[in-house]
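Since every read-out is calculated from the coordinates, none of them should be taken as a lab result. Bear in mind that the values here come from a model prediction, so they are computed numbers and not experimental data. Backbone-built Cβ (ideal geometry, glycine too); neighbour counts: all protein chains shown.
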Amino acid sequence: MDIELLKYPIGQFIMPDVFDQQLAEIWISEIEHLPNQIKKVTDNLSVEELNRTYRPGGWTLRQVVHHIPDSHMNAYIRFKQAVTEETPVIRPYYEERWAETEEAKNGDIELSVTLLGALHRRWVTFLRTLQPEDYQKKYIHPAQDRELTLANMLGMYAWHGKHHLAHITTTINTR
């Protein structure tokens, strides 16, 4: 069993050397379609399936489903901050602690699937208003001690959704 493949079933995110509007639209489209993809693969999961982990020591599929909108809510806010403020310092959150809260460990995933759909509609609407120069705006991530461009973060969050979708689909299909 390759633990790295279980952790990163689609590989890790690598920012391409060239970022342009065409790539932005591809990534926005991926963000736009993620909620329906998550809904489709989780619609008929049993409690047993939701309680499976995607790797030894990893989160359950239920925790993964709840994590996606948690993470993407933070991303949406960070994007808005970067566009409306001058290189803001964002507030990190402890995703591993959020995943251990009672509702993330045992809550109805339909709440998070519905939230993800509404959040992504709003986020995509916002993203489609951005001009090419907006993607060069930055925010500071204090936990990473670096500035991140919106171009990089757009790609990273498009990847993030596909990354967790792969956790769900590979776990369902391999057991």
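Taking R0 as 30 Å, what's the FRET efficiency between Glu102 and Asn152 from their Cβ-Cβ distance, rounded to 0.05?
Working: r = 34 Å, r/R0 = 1.13.
The pair Glu102/Asn152 has a calculated efficiency of 0.35.
Counting other beta carbons within 10 Å of each residue's own, what order do Ser29, Ser46 fall into, fewest first?
Details: Ser29 12, Ser46 8.
Fewest-to-most ranking of Ser29, Ser46: Ser46, Ser29.
Gain in length, Arg91 to Thr174, computed as 0.36 nm per residue apart minus the alpha-carbon separation, to one decimal in nm? It would help to have the intermediate numbers written out before the result.
Values: separation 83, 0.36 × 83 = 29.88 nm, distance 3.70 nm.
Result for the pair: 26.2 nm of gain on full extension.
In the calculated pair distance distribution of region 41-98, what percentage of Cα-Cα distances lie above 14 Å?
Details: 1058 of 1653 pairs.
More than 14 Å apart: 64 percent of the Cα pairs in region 41-98.
Evaluate Rg over Rh across region 1-125, taking Cα atoms for both radii and Kirkwood's formula for Rh.
Taking Rh as the inverse mean 1/r over Cα pairs, Rg/Rh reads 0.98.
Please find the FRET efficiency linking Lys39 to Asp145, where r is the Cβ-Cβ separation and R0 is fixed at 25 Å, and quote it to the nearest 0.05.
Once rounded, the FRET efficiency stands at 0.10.
Classify region 130-175: rounded, prolate or oblate, from the alpha-carbon gyration tensor (a ≥ b ≥ c, eigenvalue square roots; a/c under 1.5 rounded; otherwise prolate if a/b is larger than b/c)?
In terms of gyration-tensor shape, oblate.
Which order do Asp134, Asp70, Asp108 fall in if you start with the one that has the fewest other Cβ atoms within 10 Å?
On the way: Asp134 16, Asp70 19, Asp108 13.
Ranking Asp134, Asp70, Asp108 by Cβ neighbours within 10 Å, fewest first, gives Asp108, Asp134, Asp70.
What's the magnitude of the charge dipole for the chain around its Cα centre, counting Lys and Arg as +1 and Asp and Glu as -1 at the beta-carbon? Answer in Debye, nearest 20.
180 debye
For Glu4 and Val47, FRET efficiency with R0 = 41 Å and r from the beta-carbon atoms, rounded to 0.05?
For R0 = 41 Å, the calculated efficiency reads 0.90.
Quickly estimate the mean residue ellipticity at 222 nm for the chain, helices only: each DSSP H run with n ≥ 4 gives -39500 (n - 2.57), and the total goes over all residues, rounded to 500. Please list the in-between numbers first.
Values: 8 runs with 108 residues, N = 175.
It lands at -19500 deg cm²/dmol.
Pulled fully out, how much extra length does the chain show between Arg121 and Gln81, if you take 0.36 nm times their separation in residues and subtract their Cα-Cα distance?
Here the segment from Arg121 to Gln81 would lengthen by 12.6 nm.
Projected area of region 9-48, taken from the Cα convex hull and averaged over every viewing direction, in nm²?
4.1 nm²
I'd like the distance separating the alpha-carbon centroids of region 62-125 and region 142-170, in whole Å.
12 Å
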